[in-house]
Each structure stands twice: as structure tokens, then as C-alpha cells.
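> Starting off with a structure, shown below.
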Amino acid sequence: MSVFEGLRFRRVSSPIHKLDPRVKFVYVCTAFVVAVMFNELIPLLILFFIQIPFILTARVQREWIRSMKGASLLALIIFVTNLVSRYLYTGHVWSVPLVEYSLGMTFRFIVLVESFSIFFLTTSPDHLSLALEQSHVPYELCFAFTTAVRFVPVLAEEAQTIMDAQRARGLELDRGNFIKRVKNYIPILIPLIVNSIRRSLQLAEAMESRAWGASKKRTNLYILKLRGGDFGIILFSLLTLSIAIYAKRYILIPSIFAFLPI
Amino acid sequence: MIEVKDVHFTYPTGVKALREICLAVQDGEFVAIMGQNGAGKTTLVKHFNGLLKPTEGEVFIDGVNTRNLSIANLSRKVGFVFQNADYQLFCETVEEEIAFALRNFGFDEKTIKKRVTWALNLLDLMQYRKTSPFMLSGGERKRVALASILAWDPEVIILDEPTIGQDYHQKERLRQFIVQLNTQGKTVIMVTHDIEFVADCSPRVILMSQGKIVAEGVAEEILTNVNLLAQASILPPQITQIFLNLKDLGLPSKVINVHEGKKILLNFLGAPA
Ligand SMILES: Nc1ncnc2c1ncn2[C@@H]1O[C@H](COP(=O)(O)OP(=O)(O)OP(=O)(O)O)[C@@H](O)[C@H]1O
Ligand SMILES: [Mg+2]
């Protein structure tokens with residue numbers, strides 16, 4: 001559940017929290033594009049480290065570390081899969097570039113998780129919905145999206161309670177071979193799914209009875225507007241992107257081991 | 001026997017849910033835990049079958065520290081009926097639902113069959129034997145959940161808010177049923193907000209507020225102490241309120257039982273009881 005914890009928004013005030021969500025989204029997309037552009041370890045490492053000041057400014061380091069811990073298992077799987085497949089592919093020799101390549105792939109994943117978690121940790125669901133609406137996304141879609149995001153922690157909590165209830169009936173989740181272990185999760189998944197469906201029906205009824213969608217034209221109390229810091233982030237994103245494109249085209253990226261005494 | 005020694009518990013989110021809890025529940029006792037929302041009642045009883053381990057202090061079940069036993073192991077002894085039955089029902093039939101825990105505990109098929117039939121009869125669910133639990137009403141689902149726990153005959157039974165969503169008739173049956181379990185020698189611990197229900201059962205009462213035990217004692221003492229109850233955001237039972245208001249007439253004020261109250265009043269009025 002710790003991955004979800006990392007995506008859970010807490011109301012804190014910081015320069016990063018105050019940024020326009022649309023701008024933050026541009027930044028996440030930039031990070032995404034740059035991360036996909038490179039296979040090499042060095043640019044991905046740089047990309048990893050330049051995001052750390054954002055985390056510190058937003059004072060979400062604790063939550064961020066938790067989400068990184070949650071992602072670490074997947075990162076390990078990516079590393080091992082890459083290492084083994086490359087090893088088989090390149091003719092069964094262990095070499096330093098092999099390790100570097102796998103590390104690069106792993107860091108690409110980590111950078112993606114990092115930027116997404118910065119986005120979700122510092123953007124309130126209300127802001128997000130506002131941003132979507134003002135980008136002319138139909139309100140029904142905005143509403144569905146924000147509701148989904150908002151219910152993730154609820155679902156995580158519910159999963160925990162269900163696990164407790166089934167454990168109290170003698171269910172041992174981590175017992176038996178692989179197939180048995182997967183089967184062990186059936187008593188948890190069924191109540192979870194049934195309750196979610198029930199809840200969504202209830203939500204729909206509750207919304208209908210409060211006249212949801214009665215007026216076609218919606219107005220908002222808050223209007224999003226770009227401010228100084230927002231332009232700063234846009235500039236930063238553009239700069240990062242141009243440097244990345246330039247580096248990709250004109251610079252031969254050295255191996256990290258050129259700098260390390262190995 | 002359940003012993004709680006100086007237990008503190010803090011959730012990972014930093015909420016201090018229990019502070020300095022000391023408590024002993026003897027075998028065969030009947031205990032009600034009361035207190036306002038968020039007082040820590042559920043958190044406390046989750047320590048009794050090992051679902052939660054204390055952050056500080058120890059919990060002993062029959063002399064064994066809960067840290068040294070698995071939840072499955074402890075649950076064999078301590079049955080926990082959750083507040084919301086929807087958190088545990090998942091089988092295709094009521095019968096399967098009840099058998100689930102028995103299979104987990106490794107009973108043989110013959111015993112399972114016997115126990116399931118026994119539990120179905122006990123809670124008057126025989127006609128739903130082959131029905132899907134999801135098709136039952138809320139109150140019936142709750143009874144299925146209860147049956148699925150009682151089926152393995154635990155020595156201690158914990159009930160978290162058993163009376164929620166039950167009509168008066170079912171509540172009365174539930175009360176008789178709980179009292180009967182207790183007279184058969186089971187330890188019963190129930191968490192509830194339903195003061196009338198507690199007054200009718202007349203167990204030992206533990207009052208909690210903000211993670212602490214603020215008072216404990218027999219129901220007659222606690223439920224008639226207005227100051228204590230106010231601390232835990234509880235109103236006294238209606239019959240007690242009447243007698244508290246009639247104190248000037250020289251009537252006893254520690255009355256929680258309607259029949260007893262009736263007798264006293266009739267006596268006072270000089271009518272033949
Ligand atoms: N899983 C959890 N994670 C974090 N905090 C929790 C969790 N469960 C409960 N709490 C907090 O711990 C405190 C005690 O909760 P608990 O559920 O024990 O109260 P309760 O006495 O059972 O209340 P109620 O009468 O509403 O059932 C509350 O402040 C609650 O917010
Ligand atoms: Mg509770």
C-alpha cells in the first residue's frame with residue numbers, strides 16, 4: 001500500500017504547492033520525454049538529482065521517500081530483467097556496460113515515478129479538477145478523474161481492514177507456494193471489488209439526489225492564473241528540454257565509468 | 001485471560017490512539033467497552049487477537065505475549081467479529097462462508113460439516129444455507145459473519161458494534177444470545193455505543209476517552225455516574241435518567257434495569273407488585 005501513500009496529497013503550503021497544476025503537468029511531461037530520450041545512465045542520473053530541490057522546497061521528502069520505497073521492488077525487477085535479458089542477448093559475457101545499461105533503465109523508471117509523485121504530492125485533487133476544467137475537458141470527465149484519485153486512499157484503507165478481517169478468520173497471506181499465495185488474495189479482492197461497486201452506485205444515487213448536472217454552465221469560485229513562479233517552471237522545462245535535445249544530437253554521452261576508478 | 005500491560009499504540013500516520021492502557025479480562029467475563037468516536041476502542045480490541053502489536057508495552061493472552069504468536073494462531077482462541085460484515089463476505093454460499101475459517105484452521109471435512117450445521121442452526125440461518133451472502137439483508141449478513149466466527153468455537157469472542165443496523169427484535173435475540181454465550185463460559189468483549197443494550201446486558205463496563213481508560217466497574221456504578229459518562233460523551237440509559245430525576249423522593253439512583261425500576265416504583269406507590 002506504500003505506493004499509494006506516496007501519491008496521497010497532504011495540505012501543506014509551499015511555493016511548489018502554489019504552482020499552477022497545468023504548469024506542473026508540463027514539467028512532468030518534460031521529465032517524461034527527456035527520460036525516454038536517453039538510454040545512458042549519466043543524463044538519467046542528472047534528471048534524478050535536479051528534481052530533488054523541488055521535493056525539498058515542497059517539504060514532501062518523507063512522503064516521497066515512502067513512495068520510492070514502494071517502487072523499489074519494481075525497480076529491482078526492472079534491473080534484474082534488463083540485466084539477464086541483455087546478458088543472454090549479447091552473448092553471455094558479463095561486462096560493465098551491461099550493468100550500466102540496466103542501471104540506466106532502472107533510473108529511467110525511478111525518474112518517472114519521482115516526477116509523478118512530485119506532481120501528485122503537491123497538487124490537491126480540487127486544483128487538478130480545476131485545471132482540467134479550464135483546459136476545456138468536459139466536466140463529467142474531470143469529475144470522474146478526481147473522484148477516482150480521491151478514492152485511492154479510501155480503497156487502500158479498506159483493503160487493510162479487509163485483510164485484518166480475513167486474517168482474523170485464520171487466513172495466512174504469505175503461506176504456501178506461488179499459486180497458493182495468489183489464491184490467498186481472493187478473499188481480499190472479492191469484498192474489495194464488491195464494496196467498490198456498491199460504493200459507486202451509492203455515490204451515483206447521492207449525486208443524482210443532489211441535482212448533479214442540473215445546470216449546464218458551471219462557474220468556479222477560483223480561477224487559475226499563471227504567476228511568476230509558473231513562468232519560471234515553464235522556462236526551466238523548456239531549458240531542460242532544449243539541453244536534452246542538444247545533448248542527444250551533438251554530444252557523445254560518456255559512460256559513467258569513465259569518471260569512476262574501475 | 002487477557003492482560004494488557006502499559007500499552008501505548010501509535011498509528012504509522014502519527015495518531016496516538018492508545019496511551020497507558022492497563023487492563024485484565026478474566027476467563028468467562030463479560031465486558032463492554034464504551035466511549036466516543038475515535039476514543040480508541042477498536043484499536044484496543046485489535047490488540048487482543050494480534051492484528052495490532054503495541055508500540056510500547058505488552059499484551060498477554062493466557063500468559064503468552066502476542067508478539068510471539070501469529071494472528072492465525074491467536075484467532076483460534078480469540079474470535080473477532082468485525083463491525084462491517086461486508087469486509088469479510090466473499091464466498092458463493094453462506095455455508096462456504098462459514099466453512100472458510102474452519103478450513104484455514106485445518107479442521108477435517110467431517111468436523112467442518114458438523115460445525116457448519118451447528119452454526120447455521122445457532123443463528124437461524126438454515127434456510128439460507130445455499131444462498132449467496134451478497135443477496136441477504138444487512139442484518140442477516142451480520143449474522144452470517146457472526147456464525148462464521150462462532151463456528152470454530154473460540155474461547156473469547158470480540159464483537160465490534162454488534163447492534164448497529166439491527167431491529168429491536170434482532171437486538172433482543174442478539175442480547176439473549178450473547179448472554180447465553182457468556183453463561184456457557186465464553187469470555188465476551190463487546191465494543192458499543194448502544195447504552196440501552198449495555199444496560200440490559202449489565203456487564204463490566206470500561207469507559208474510554210482519547211486513548212485512555214477513564215473508568216471501569218460494574219454497569220450499575222458506571223452507567224449511573226453522570227459526570228463520568230459526560231466525559232465519554234454518553235447519556236445515561238433512559239430508566240437511569242428517570243431515577244436520577246426522582247432522587248428527591250428518596251428513591252435509589254443506581255438503577256439501570258427497567259424491570260427492577262418498575263418494581264421499585266410500584267413499591268414506592270404502594271401498589272401490589
Ligand atoms: N488505520 C488507521 N490509521 C491511522 N489512524 C487510525 C487508523 N484507525 C484509526 N485511527 C485513528 O485512531 C484513533 C482511534 O480510532 P479507533 O478506530 O480505535 O476509534 P473507536 O473508538 O473505535 O471509534 P468509533 O466509535 O468511531 O468506532 C482515531 O483518532 C482514528 O482516527
Ligand atoms: Mg470503532
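> Averaged per residue, what accessible surface does the stretch A:136-222 expose to a 1.4 Å probe, in Å²?
Spelled out: the 1.4 Å probe surface of the stretch A:136-222, per residue, equals 68 Å².
> Then there is this: Only Lys, Arg, Asp and Glu count, each charged at its Cβ (+1, +1, -1, -1), so figure out the dipole size of chain A about its Cα centre, rounded to 20 debye. Present the calculation step by step, with values, prior to reporting the outcome.
Values: 29 positive and 17 negative charges, 63 e Å.
Dipole of chain A, to the nearest 20 debye: 300 debye.
> Right, here's the next one. Excluding A:Ser129 itself, calculate the net charge of residues whose Cβ lies under 15 Å from the Cβ of A:Ser129, where each Lys or Arg counts +1 and each Asp or Glu counts -1.
Summing Lys/Arg as +1 and Asp/Glu as -1 gives 0.
> Rolling a 1.4 angstrom probe over the protein chains, ignoring ligands and nucleic acids, what is the accessible area of A:Lys18 in square angstrom, nearest 10?
120 Å²
> Let me ask something additional. What is the mean number of Cβ atoms from other protein chains located within 10 Å of the Cβ atom of each residue in peptide B:99-112, rounded to a whole number?
2
> Can you list the residues in the stretch A:159-177 whose accessible area drops by at least 40 Å² when all protein chains are present, compared with the chain alone? Use a 1.4 Å probe, heavy atoms only.
Those are A:Thr161, A:Asp164, A:Ala165, A:Arg167, A:Ala168, A:Arg169, A:Gly170, which lose 40 Å² or more relative to the chain on its own.
> Pairwise over distinct Cα atoms, reciprocal of the mean inverse distance: report the Kirkwood radius of the stretch B:1-115 in Å, one decimal place.
It is 15.9 Å.
> As a test of the formula, what do you get for chain B when each DSSP H run with n ≥ 4 contributes -39,500 (n - 2.57) and the sum is divided by the residue count, at 222 nm and rounded to the nearest 500 deg cm²/dmol?
Helix-only estimate at 222 nm: -10500 deg cm²/dmol.
> Still on this structure, I have one more. Loop by DSSP (not H, G, I, E, B), at most 15 other beta-carbon atoms within 10 Å: where is the longest site-free stretch of chain A for chymotrypsin sites (Phe, Trp or Tyr not before Pro)?
A:1-93
> DSSP beta bridges in the protein assembly as shown, what fraction antiparallel, as a percent rounded to 5? Mind dumping the intermediate values first?
Working: 19 of 37 bridges.
Roughly 50 percent of the beta bridges in the protein assembly as shown run antiparallel, per DSSP.
> Restricting to the stretch B:2-236, what percent of DSSP beta bridges are antiparallel, rounded to 5?
Roughly 50 percent of the DSSP beta bridges within the stretch B:2-236 come out antiparallel.
> I would also like to ask the following. Calculated FRET efficiency, A:Tyr139 and A:Ser196, Cβ-Cβ r, R0 22 Å, to nearest 0.05?
The formula returns an efficiency of 0.45 here.
> When a/c is below 1.5 the answer is rounded, else prolate if a/b is larger than b/c, else oblate, so apply that to the stretch A:119-262 with a ≥ b ≥ c taken from the square roots of the Cα gyration tensor eigenvalues.
In terms of gyration-tensor shape, oblate.
> Further, regarding this structure: Most fluctuating residue of B:Glu109, B:Glu96, B:Glu58 in a GNM of chain B with Cα springs under 10 Å: which is it?
In the Gaussian network model the winner is B:Glu109.
> Which helices, taking whole DSSP H runs in chain A, have alpha carbons extending 18 angstrom or more along the helix axis plus mean Kyte-Doolittle at least -1.0? Can you show the working numbers first?
Numbers: long enough: A:21-37 (24 Å, 1.58); A:61-89 (39 Å, 0.49); A:96-122 (38 Å, 1.42); A:139-167 (41 Å, 0.40); A:186-209 (34 Å, 0.78); A:228-250 (33 Å, 1.06).
In chain A, the long hydrophobic H runs are A:21-37, A:61-89, A:96-122, A:139-167, A:186-209, A:228-250.
> Using the Cα centre as the reference, give the magnitude of the dipole from point charges on the C-beta atoms of the stretch B:2-236 (Lys, Arg: +1; Asp, Glu: -1; all else neutral), rounded to the nearest 20 debye.
The calculation lands at about 500 debye.
> Considering only protein heavy atoms, what per residue accessible area in square angstrom results for chain B with a 1.4 angstrom probe?
I get 46 Å² per residue for chain B.
> Heavy atoms of the protein only, probe of 1.4 Å, neighbouring chains included. What is the accessible area of A:Arg227 in Å², nearest 10?
140 Å²
> Calculate the dipole size of the protein assembly as shown relative to its Cα centre from +1 charges on Lys and Arg beta carbons and -1 charges on Asp and Glu beta carbons; express the result in debye to the nearest 20.
Working: 58 positive and 48 negative charges, 279 e Å.
Using only the charged Cβ atoms, the result is roughly 1340 debye.
> Would you be so kind as to identify which of A:Ser124, A:Val154, B:Ala145 lies farthest towards the positive end of the dipole of the protein assembly as shown, taking Lys and Arg as +1 and Asp and Glu as -1 on Cβ and the Cα centre as origin?
Farthest towards the positive pole: A:Ser124.
> Something else now. Over both sides of the B-A contact, add up the buried accessible area with a 1.4 Å probe and give it to the nearest 100 Å². Write down the numbers at each step before the final one.
Details: alone 13440 and 16810 Å², together 28370 Å².
Interface area, both chains combined: 1900 Å², rounded to the nearest 100.
> Counting only protein heavy atoms, what percent of the accessible surface of the protein assembly as shown is carbon or sulfur at a 1.4 Å probe?
Numbers: 17400 of 28370 Å².
On the protein assembly as shown, the fraction of accessible area on carbon and sulfur atoms equals 61 percent.
> If you don't mind, another one. Under 1.5 on a/c is rounded, so check that first for chain B, then, if it is not, pick prolate when a/b is larger than b/c and oblate when it is not; a ≥ b ≥ c are the square roots of the alpha carbon gyration tensor eigenvalues.
Because a/c hits 1.5 or more and a/b fails to exceed b/c, chain B counts as oblate.
> Pairs of alpha-carbon atoms within less than 8 angstrom and 6+ residues apart define the contacts here; what relative contact order does chain B have, in percent?
22 percent
> Under the rule a/c < 1.5 gives rounded, and otherwise a/b versus b/c splits prolate from oblate, where does the stretch A:6-96 land using the Cα gyration tensor?
It is prolate, given that a/c is not under 1.5 and a/b is the larger ratio.
> Mean residue ellipticity at 222 nm from the helices of chain A, using -39,500 (n - 2.57) per DSSP H segment of n ≥ 4 over the full residue count, to the nearest 500 deg cm²/dmol?
Helix-only estimate at 222 nm: -24500 deg cm²/dmol.
> If you don't mind, another one. Heavy atoms of the protein only, probe of 1.4 Å, neighbouring chains included. What is the accessible area of A:His92 in Å², nearest 10?
Solvent-accessible area, nearest 10 Å²: 110 Å².
The values are calculated or read from the model by the stated rules, or taken from the named source; none is laboratory data. Values in this document were obtained by computation on a predicted structure and should not be read as measured data. For neighbour counting, all protein chains shown are included, and Cβ atoms are generated from backbone atoms with ideal geometry for every residue, glycine included. Note: areas computed on protein heavy atoms with side chains; ligands, DNA, RNA excluded. Shrake-Rupley method; radii C 1.70, N 1.55, O 1.52, S 1.80 Å.
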